[in-house]
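The values are calculated or read from the model by the stated rules, or taken from the named source; none is laboratory data. Keep in mind that what you see is a predicted model, and the values were worked out from it rather than measured. Because the Cβ atoms are built from the backbone with ideal geometry, glycine has one as well, and the counts that use them run over all protein chains shown. To get the accessible areas, we keep the full protein, side chains included, count just its heavy atoms, and leave off ligands, DNA and RNA. Shrake-Rupley method; radii C 1.70, N 1.55, O 1.52, S 1.80 Å.
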Amino acid sequence: MALLAVEAYGQSAYVNFNRDYYHLIERYEVKRGIFTEPFQTGMKPYRRDHLAVYLNQLSADSSLNSARDRFNLYFLLRDSWEFVFDGAPESEGKGVGPFYRTPSDLYHYRDKSFDLHVNPVLYLQAGHERGVGDSGFRNTRGVEVRGSVDRKIGFYTFLATTDLRFPSWVRDYTQSNGAVPGEGFWKRYRDTGYNFFSATGYLTFQATEHVAIQFGQDRNFVGEGYRSMILSDFSNPYMFLKVNTKVWKLNLTNLWAQLNADVLYDRGFPTDGRYPKKWFSHHRLSANLGKRLNIGVFESVMANQFDWNYLSPLIFYRWVEHQLGSPDKVMLGMDLKWNLPKRMQVYGQFALDEFVFGEFFGIDGRKSSRNKYGLQAGFKAIDAFGVPHLDIQLEYNQARPYTYQEKFDFQSFTNYRTPLTHPLGANFREGVGIVRFQAAPKLNLQGVFLYQYFGEDPDDSANFGGDLLKNRTINSTGLFGNLIGQGVANRVSQANLVASYMLKHNLFFDLSYTYRNQRQLDTGSTGLTGFFQGSMRLNFARFDTNF
């Protein structure tokens with residue numbers, strides 16, 4: 001593998017957050033037990049130039065010499081070749097004129113002042129759900145463009161249009177929330193399908209050697225887990241300004257965003273009009289403590305109107321909120337990861353919504369509705385049981401009733417009527433098990449297993465603490481005695497098995513089967529279904545139906 005030292009570029013686009021793709025990157029940190037130097041993994045997505053530095057380091061590691069390791073590293077390096085290779089790597093076959101002269105780009109142009117990469121996006125899927133008359137399908141067509149100007153300003157844009165028919169549980173979720181997960185606005189496609197237009201785009205700028213700026217429309221993710229109890233990628237993309245400062249062993253991220261507070265509907269369909277907005281501010285400081293432990297602390301505030309006081313990158317938001325009369329929603333907490341010997345890692349998160357000392361510790365009463373927090377505990381094992389490329393991840397998530405809700409309008413922890421954190425919102429417990437096995441360089445097998453226990457509201461007027469869009473002061477319980485699963489208790493068991501084969505660079509063929517069983521404990525009613533699908537994807541991540 002003929003590599004060059006990565007050039008000191010002043011900008012870079014980011015690698016879209018794709019769990020399969022990011023697992024290929026992050027497993028090496030756990031396997032080697034050494035933190036990544038160019039970036040800290042707790043804030044996603046990653047910049048391409050930073051990733052290229054890390055991959056260049058890995059390519060010199062003699063312990064990563066298996067055929068699958070070398071394939072993975074070369075695949076990742078070719079995906080960001082402009083920061084690694086002296087000239088574009090040649091395609092495996094002959095290009096067609098100016099197209100596919102390199103395996104990762106349909107078209108590219110590069111000189112001293114301008115860098116351009118253009119790629120098509122395609123996601124074709126067909127599936128059948130047991131007991132459902134209409135077959136599931138997806139048809140996504142689009143384009144993505146990235147590059148830089150004068151090696152100082154980076155840019156990225158993505159445009160796609162989609163027609164699809166969801167499996168039944170995703171359709172029910174969409175109808176309940178009034179928004180397509182991860183997309184937001186939708187139109188009806190025929191009688192049972194959906195149509196939506198997707199777009200993201202941003203600019204990047206390296207202000208100083210240690211300060212990077214990103215401005216645009218996209219998603220962000222905090223943590224090491226499959227889920228995030230702090231900030232996830234589940235909701236619609238939003239406009240934000242992000243300033244990341246990395247100095248020594250410290251990484252400070254400041255994020256300011258404008259979110260959609262609600263949606264206007266006409267006969268159950270999103271309609272035209274000026275949707276109300278809200279304002280989100282978040283800062284997180286993480287530090288490598290020694291060679292194996294990383295700890296991050298964060299603070300977030302949600303406000304229904306813009307306020308200059310939250311623009312300070314270093315101020316303690318809770319103090320600011322007090323000075324304003326406590327009109328806004330503030331959350332704080334921490335996250336950590338600890339790389340253990342023998343290719344293992346433990347990680348976790350704690351997000352505190354409200355704290356009343358006597359109630360939190362059960363002195364004045366137990367199970368208070370003001371005792372609101374979310375937590376996560378997880379474990380990863382790489383090359384588990386001594387089997388190369390067999391990776392296991394176990395994760396537990398929970399959120400107390402009324403967590404992320406708020407008493408003032410447009411201050412819940414949501415965007416476009418979907419949670420900013422976990423898909424279930426609050427009032428739940430969840431166990432996640434993930435088994436990944438790379439059977440051959442181009443063949444990956446994966447199983448995702450879920451167990452969920454959560455409480456639903458029996459009707460729109462009730463509030464047992466799971467629906468984040470409802471007012472936390474108007475609840476269906478008293479102050480004490482609130483338990484996870486209150487309301488209409490549900491249990492969900494789900495298994496999703498996937499085989500994915502890479503036909504060419506970033507061109508995948510997938511086969512998957514999902515088994516899902518949801519049972520309401522009070523009535524005993526059961527919703528049992530199975531969904532089989534096949535898909536072909538080009539430059540696009542698999543859609544995640546695990547919620």
**OP:** Quick one: which residue in Leu241, Leu231 is under 20 Å from Phe298 (Cα atoms), within 20 Å of the chain's Cα centre (by Cα) and assigned to a strand (DSSP E or B)?
**Re:** Leu241
Original post:
For segment 261-319, what are the residues that are β-branched (Val, Ile, Thr) and farther than 20 Å from Val247 by Cα?
Top reply: Val263, Thr271, Val301
**OP:** Quickly run through segment 48-76 and pick out the residues that are assigned to a loop (DSSP other than H, G, I, E, B) and either in contact with a strand residue (DSSP E or B) (Cβ under 8 Å, 6 or more places away or on another chain) or touching a residue at least 60 places away in the same chain (Cβ under 8 Å) (or both).
**Re:** Ser66
Subject >> Unique residue being open to solvent by 20 Å² or more (accessible area, probe 1.4 Å) and under 18 Å from Ser500 (Cβ atoms) when the list is Phe75, Phe17 >> reply: Phe17
Original post:
Val170 is checked against (1) under 22 Å from Glu82 (Cα atoms); (2) open to solvent by less than 20 Å² (accessible area, probe 1.4 Å) and fails just one. What number does that condition carry?
Top reply: (1)
**OP:** May I ask you to say which residue of Ser104, Ser91, Ser63, Ser59 is closer than 20 Å to Arg19 by Cα and among the small types (Gly, Ala, Ser)?
**Re:** Ser104
Subject >> All strands (runs of 3 or more DSSP E) inside segment 422-528 with 2 or more residues being of a type in the set (D, E, K, R) >> reply: 428-440, 488-504, 507-520
Subject >> Residue satisfying all of: in segment 458-469; open to solvent by 40 Å² or more (accessible area, probe 1.4 Å) and without any contact (Cβ under 8 Å) to a residue 40 or more places away in the chain; farthest from Val263 (Cα to Cα) among these >> reply: Pro458
Subject >> Filtered residues of segment 358-386 (kept if small (Gly, Ala, Ser), more than 23 Å from Ile230 (Cα to Cα) and open to solvent by 20 Å² or more (accessible area, probe 1.4 Å)) >> reply: Gly362, Gly386
Original post:
Which numbered condition trips up Val222, out of (1) within 30 Å of Asp272 (Cα to Cα); (2) in contact with a Leu (Cβ under 7 Å, 6 or more places away or on another chain); (3) of a type in the set (A, V, I, L, M)?
Top reply: (1)
**OP:** From (1) over 27 Å from Ser12 (Cα atoms); (2) assigned to a loop (DSSP other than H, G, I, E, B); (3) in contact with a Ser or Thr (Cβ under 9 Å, 6 or more places away or on another chain), pick out the condition that doesn't hold for Asp191.
**Re:** (3)
**OP:** Return yes or no: is Pro419 under 24 Å from Phe221 (Cα atoms) and either open to solvent by 50 Å² or more (accessible area, probe 1.4 Å) or modelled with pLDDT of 95 or more (or both)?
**Re:** yes
Subject >> Condition met for Asp272 (closer than 30 Å to Thr192 by Cα and either assigned to a strand (DSSP E or B) or among the charged types (D, E, K, R) (or both)) >> reply: yes
**OP:** Restricting attention to segment 383-411, report how many residues are charged (D, E, K, R) and within 19 Å of the chain's Cα centre (by Cα).
**Re:** 1
**OP:** Specify the residue that is nearest to His283 (Cα to Cα); the eligible residues are those in segment 22-47 that are open to solvent by 20 Å² or more (accessible area, probe 1.4 Å) and either β-branched (Val, Ile, Thr) or assigned to a helix (DSSP H, G or I) (or both).
**Re:** Glu26
**OP:** Kindly indicate which of Arg491, Arg472, Arg516 is open to solvent by less than 40 Å² (accessible area, probe 1.4 Å) and of a type outside the set (Val, Ile, Thr).
**Re:** Arg516
**OP:** Find the residue count for segment 209-224, including only residues that are touching a strand residue (DSSP E or B) at 6+ places or on another chain (Cβ under 6 Å), open to solvent by 10 Å² or more (accessible area, probe 1.4 Å) and either at pLDDT below 95 or part of a loop (DSSP other than H, G, I, E, B) (or both).
**Re:** 2
Original post:
When Trp256 is evaluated against the numbered criteria (1) assigned to a strand (DSSP E or B); (2) farther than 20 Å from Ser312 by Cβ; (3) under 20 Å from the mean Cα position of the chain (by Cα), which criterion, by number, is the only one it fails?
Top reply: (2)
**OP:** Take segment 145-163 and flag every residue that is among the hydroxyl-bearing types (Ser, Thr, Tyr), closer than 30 Å to Lys187 by Cβ and either in contact (Cβ under 8 Å) with a residue 40 or more places away in the chain or open to solvent by 20 Å² or more (accessible area, probe 1.4 Å) (or both).
**Re:** Tyr156, Thr157, Thr161
Subject >> For Leu293: the one exception among (1) of a type outside the set (Val, Ile, Thr); (2) surrounded by 20 or more Cβ atoms within 10 Å (Cβ to Cβ); (3) touching a residue at least 40 places away in the same chain (Cβ under 8 Å) >> reply: (2)
Subject >> Filter result for the condition that a residue is within 23 Å of Ser232 (Cα to Cα) and outside any strand (DSSP E or B), over Gly131, Gly201, Gly182 >> reply: Gly182
Subject >> Odd one out for Val263 among (1) in contact (Cβ under 8 Å) with a residue 12 or more places away in the chain; (2) open to solvent by 20 Å² or more (accessible area, probe 1.4 Å) >> reply: (2)
